[in-house]
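Colleague: What follows is a structure written as structure tokens; I'll ask about it next.
The values are calculated or read from the model by the stated rules, or taken from the named source; none is laboratory data. All figures in this text were calculated on a predicted structure; none of them were measured in a lab. Because the Cβ atoms are built from the backbone with ideal geometry, glycine has one as well, and the counts that use them run over all protein chains shown. Only protein heavy atoms, including side chains, enter the accessible area calculation; ligands, DNA and RNA are left aside. Shrake-Rupley method; radii C 1.70, N 1.55, O 1.52, S 1.80 Å.
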Amino acid sequence: PEYISVVNLATALRVHVDRLVTKMEELGFEDVQNYHILTSEDASLIAMEYNFQPLVEDEFARDLQALPEPEDKAHLPARPPIVTIMGHVDHGKTTLLDYLRKSAVVKSEFGGITQHIGAFSVPLPSGKTITFLDTPGHAAFLDMRQRGANVTDIVVLVVAADDSVKPQTIEAINHAQGAGVPMIVAINKMDKQGAAPEVVKRDLMANGVEVEDFGGDVQAIHVSGKTGQGMEDLEEAIVTLSEMLDHRADPQRQVEGWVIEAATKTSGKVATVLVRQGTLRIGDVLVAGQTWARVRSLKTDAGIVVESAGPGTPVEVGGWREQPEAGDEVIQASDEHKATSVVDYRIEKAERIKLAVDMEAINEARRAEA
Ligand code: GTP
Ligand code: MG
């Protein structure tokens, strides 16, 4: 059996310990003290008095589920590819992103924005768009992957031409290959003395990246985030790969997406949501993690107020009750009632998991004592 103290059970159930003791005495426990240790059977029995039911499969019906991917996407419209830039420290990830973002901002005539942004769209002269994710380290990327979804369609692996393949380059290769996400290599810092792209390609080959020049199918583009050299080629390579991968999504289904980042501003709690499918609109009801929103405002990364946002688009959503967390999955709910009941259910479920963990910890402490 597993054990928990009366005090810890009270904490887990979010009731005052005195009230719990009274309740337990009503249930027939005698001479209850705060430090008494209960078996998991007794604790579960008491927990049920507080409407904590044992988890059963059926209860998942109370939660919101992502819809299964449609089998045939051929008739659906194309969506922008979602691209993450990865690579070794100092190889120029931020510089490349800044360059792409700045030129995008200039192109859309909303200059002067250089604040950090978790996701942004780059409109191309062809009318196509690329969405870039600026993940804080690799953490969010990995976290989302662990939840069974690849947010990213394409990884741009940045390798400095004067430094070649380094430990985090290899880590990024492993992440991308492990997730089955195709790669494009950006051989950066080509403006520098000592740039040796051939060395980079050779080292990449040695680490399982089959670059084009060596007969493989991974494109390697020579760029400089400093001078802008090759940046259009990089954008073009992304578009070409994306067309080959044929990214499509249904703009008419239930809205689903991911929280890329969240913040509490003077105007309220906002979250950048990357829409995966469906079309997000003002007034929609969304659930993310343990909170929900009735969408009050939508803003693009360039600060433009919009009425809606379709698949592959990052958008800042206002109207959250609490601040959601980066990595939370966003799912549309039919109405506020559904949203609140889902959120209550998730909070309750988290409490129960915590209760089980508490019991396990006490159990372990006891085993250690014995
Ligand atoms: P971390 O975020 O620390 O992992 O680094 P990063 O990969 O984002 O690199 P960052 O963009 O900060 O660039 C590191 C240094 O390299 C900075 O001093 C940049 O100015 C410089 N740098 C980046 N790209 C280029 C380039 O194309 N040419 C030259 N000459 N310098 C560059
Ligand atoms: Mg950086």
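Colleague: Quick one: which residues, 5+ away or cross-chain, put their amide H under 5 Å from the amide H of residue 87? H built at 1.01 Å from N.
Modeller: Amide H to amide H, under 5 Å and 5 or more residues apart or across chains, residue 87 pairs with 158.
Colleague: Same structure, new question: Over all directions, how big on average is the projection of the convex hull of the alpha-carbon atoms in the stretch 230-370, in square nanometres? Show your work: numbers first, answer last.
Modeller: Details: hull surface 52.7 nm².
Over every viewing direction, the Cα hull of the stretch 230-370 projects on average to 13.2 nm².
Colleague: Over the chain, with a Gaussian network built from C-alpha contacts below 10 Å, which listed residue (310, 194, 289) shows the highest mean-square fluctuation?
Modeller: 194
Colleague: Given a 1.4 Å probe, how much area per residue of the stretch 1-48 is accessible, in Å²? Spell out each step's value before the answer.
Modeller: On the way: 2780 Å² over 48 residues.
Counting only protein heavy atoms, the per-residue value for the stretch 1-48 is 58 Å².
Colleague: How many angstrom lie between the Cα centre of the stretch 166-201 and the Cα centre of the stretch 311-328?
Modeller: 31
Colleague: Calculate one ³J(HN,Hα) per residue across the stretch 18-33 by plugging θ = phi - 60° into the Karplus curve 6.51 cos²θ - 1.76 cosθ + 1.60, and present them in order as whole Hz with x for glycine and proline.
Modeller: Values per residue, Gly and Pro as x: 4, 5, 5, 4, 4, 4, 5, 5, 4, 7, x, 6, 9, 6, 6, 10 Hz.
Colleague: I've got another one for you. Give me, ordered by chain and number, the residues 5 or more places off residue 312 or on other chains with an amide H under 5 Å from its own placed amide H.
Modeller: For residue 312, whose amide H was placed from the backbone, the distant partners under 5 Å are 275, 276.
Colleague: Starting from the amide H of residue 181, placed 1.01 Å from N in the peptide plane, find each other amide H under 5 Å away whose residue is 5 or more places distant or on another chain.
Modeller: Hits under the 5 Å cutoff: none.
Colleague: Between residue 344 and residue 124, what FRET efficiency comes out of the Förster formula 1/(1 + (r/R0)^6) with R0 = 51 Å and r the beta carbon distance, rounded to 0.05?
Modeller: Working: r = 44 Å, r/R0 = 0.87.
That pair, residue 124 with residue 344, gives E of 0.70.
Colleague: For the chain, what does -39500 (n - 2.57) per DSSP helix run (n ≥ 4), summed and divided by total residues, give at 222 nm, in deg cm²/dmol to the nearest 500? Mind showing how you got there, number by number?
Modeller: Working: 9 runs with 123 residues, N = 370.
So the helix-based figure for the chain works out to -10500 deg cm²/dmol.
Colleague: Something else: Semi-axes, largest first, in whole Å: what does sqrt of 5 times each Cα gyration tensor eigenvalue give for the stretch 252-310? Display every interim value, and only then the final one.
Modeller: Working: eigenvalues 55, 40, 23 Å².
For the stretch 252-310, the semi-axes come out at 17, 14, 11 Å.
Colleague: Using a simple spin-label model with points 7 Å from Cα along the Cα→Cβ vector, what separation in nm is obtained for residue 174 and residue 244?
Modeller: The modelled label-to-label distance comes out at 2.6 nm.
Colleague: State the percentage of accessible surface on the chain attributable to carbon and sulfur atoms; use a 1.4 Å probe and exclude ligands, DNA and RNA. Walk me through the numbers on the way to the answer.
Modeller: On the way: 9050 of 18280 Å².
Carbon-and-sulfur percentage of accessible area, whole number: 49.
Colleague: Helix 93-107 versus the longest principal axis of the chain: what angle, 0 to 90°, nearest 10, using Cα atoms?
Modeller: It works out to around 70 degrees.
Colleague: May I ask for the angle, rounded to the nearest 10°, between helix 231-245 and the longest principal axis of the chain, with both axes built from Cα atoms and the value confined to 0 to 90°?
Modeller: 60
Colleague: Further question: Quick one: go through the stretch 288-308 and flag any residue whose amide nitrogen is under 20 Å from the point 7 Å out along the Cα-to-Cβ line of residue 336.
Modeller: 288-298
Colleague: I've got another one for you. How long are the semi-axes of the equivalent ellipsoid of the chain, defined as square roots of 5 times the Cα gyration tensor eigenvalues? Whole Å, largest first.
Modeller: Working: eigenvalues 443, 133, 65 Å².
Calculated on Cα positions only, the semi-axes equal 47, 26, 18 Å.
Colleague: From the Cα trace of the stretch 207-271, what convex hull volume per residue do you get, rounded to a whole Å³?
Modeller: Dividing the Cα hull volume of the stretch 207-271 by its residue count gives 215 Å³.
Colleague: Give me the percent relative contact order of the chain, please, defined on Cα pairs under 8 angstrom at least 6 residues apart.
Modeller: Details: 687 pairs, mean separation 62.1, N = 370.
Once normalised by length, the contact order is 17 percent.
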